[in-house]
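Right, one structure below, let's go through it.
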Amino acid sequence: MASFFERLKLKGLWQYKYLIAIILLLTLFSIIAAISAVTSYRISIAGSRHLLETRATDIAVNLGFALERLGLNPDLFPDLVASDRWEYLAFLALIDKDMTCILHSNQKLIGRKMEDPSIKKVFSMERIVTHFERLATGEEVFILDFPLKLHLDNLNRIRNDSQSMASLMGKRPEPETIEPKPALKVYCLRVALHPWPAFSIERKAKFQLVMILSSIVLVWILAIFFVRAWKRNYELERSLAEKERMAALGQMAAVLAHEIRNPLSTIKGFAQIHMEEATDEALKEDMAIIVEQVQRLERLTSNLLIYAKPTEIHLETFRAEELCRELERTLPSDKQDVQLVLECVGDKVTADRTKLVQIVVNLVQNSLEALSGYDSGLKAIHVHIKASDEGIGIKVEDSGPGFPEDIKDRLFEPFFTTKTKGTGLGLAIVKRLTDAMNGQIRVGKSKLGGALVEIFIPLPEED
């Protein structure tokens, strides 16, 4: 039997370490996958914008050469936008330092003032400025404002028109004569592109990011279900082992109870007879000690039977005041000058009344033992029971020494006690009965200065 429990303990420890390793690996994988997905998404976004900027810059440079050759031809930009030379070209505009549009693919806008901060930045810094802009039609376009330096004559006439236009349209130009270049002027060339290819890249990157993050979430959901299943399986194994241990202990306790109780009853009976018939006071005291110790052994045997036998829950519906009346009849009559306050509030509740009475009796008995020999002035035990729609709460507090901090974790261990005459089963039985009813138990410091034990038993789940 002992080897079985050792194997179960080692198995649970190994499973726990294995589970921790899996969770750590899963966490590491999730972090790496998330970082990789976000990095890939950012690179894709930057790449799509770089693609637009590269295309727009290429167009701007080619237009610069064309304008050097053709001059400010008002038909140049409309012809280029209408042609298939540059894909995704939305519109073109050339703005001078006076913020006046001198060329535009939409000739209706020529001569209009362009009060745009982006254009002003181009003239002030003489560097490329890019941004997205939503047009009046609702369409979003990519804008590249390019600082363009041109050598144009004062009349802005077309020079070498046929050769330049042929080159711009992809034809072989005729040889031209080289003329002296006029004064240099700075313009802002605005190139607007439809961002469809870039948006397509962004959509794919976003879809990939969502898929990876969704996969991570799905993996974690499956991991949570796995952990819950593992925990449930581990608890079932522990419960099975506990039941087997309790069954073995119960059998042993039954044998002990049968073998010990009969001799104890005989010893107690003869001791009581001798105590009643004895005329010697010393003999009476000796017989009284025997009776007291036999009663102590009987209580130990009874507690051992209660703790060891399987706990079966018998539900019944009763009022809180009915529980109080039963407790008044059941609680120890010898209270050793202790003020016992019993308070029950609430309406009907469904629970195992016998188990609740046993819990309260054990807690009160534990408080009485703690107050015995403890000089705290007023000795008091307060029992408060409250029934509600959620369940029943039990609070027992006393004015004794309280629970030492260093033993709180061991209070409910069987056979653990700090009292000279304690059995170490009182609080263990309380914990066992509370767990059997799916309850929760908490210990702390009482307002009376001593120990506080709070228990909540929820209503049983409906089948």
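None of the figures in this text is laboratory data; all of them are computed from the coordinates on show. These numbers come from a predicted model, not from an experiment. Because the Cβ atoms are built from the backbone with ideal geometry, glycine has one as well, and the counts that use them run over all protein chains shown.
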| How large is Rg/Rh for segment 182-315, to two decimals, with Cα atoms and a Kirkwood Rh? | 1.75
| request: Could you order peptides 442-448, 132-138 by the average number of other Cβ atoms within 10 Å of their residues, highest first? | output: 442-448, 132-138
| query | How much length is gained on full extension from MET125 to LYS243, taking 0.36 nm per residue of separation minus their Cα-Cα distance? | reply | 34.2 nm
| said: What does the net charge come to around LEU427 if you take all other residues with beta carbon closer than 14 Å to its beta carbon, with K and R at +1 and D and E at -1? | reply: 0
| message | Report the per residue volume, in Å³, of the convex hull enclosing the C-alpha atoms of segment 314-458. | response | 105 Å³
| note | In the neighbourhood of ALA60 defined by beta carbon distances under 11 Å, the net charge of the other residues (Lys, Arg +1; Asp, Glu -1) is -1
| query | Mind checking which aspartates and glutamates have their C-alpha under 18 Å from LYS121, skipping anything on the same chain fewer than 8 residues away? | reply | GLU53, ASP96, ASP98, GLU133, ASP145
| By count of other Cβ within 10 Å, fewest leading, how are GLU277, GLU326 ordered? | GLU277, GLU326
| Near HIS274, within a Cβ-to-Cβ distance under 12 Å, what is the net charge of the other residues, with Lys and Arg +1 and Asp and Glu -1? | -3
| message | Please arrange MET275, MET437 by how many other C-beta atoms lie within 10 Å of their C-beta, fewest to most. | response | MET275, MET437
| remark: Proxy exposure order for TYR234, TYR18, TYR41, TYR307 (fewest C-beta within 10 Å first) is TYR18, TYR234, TYR41, TYR307
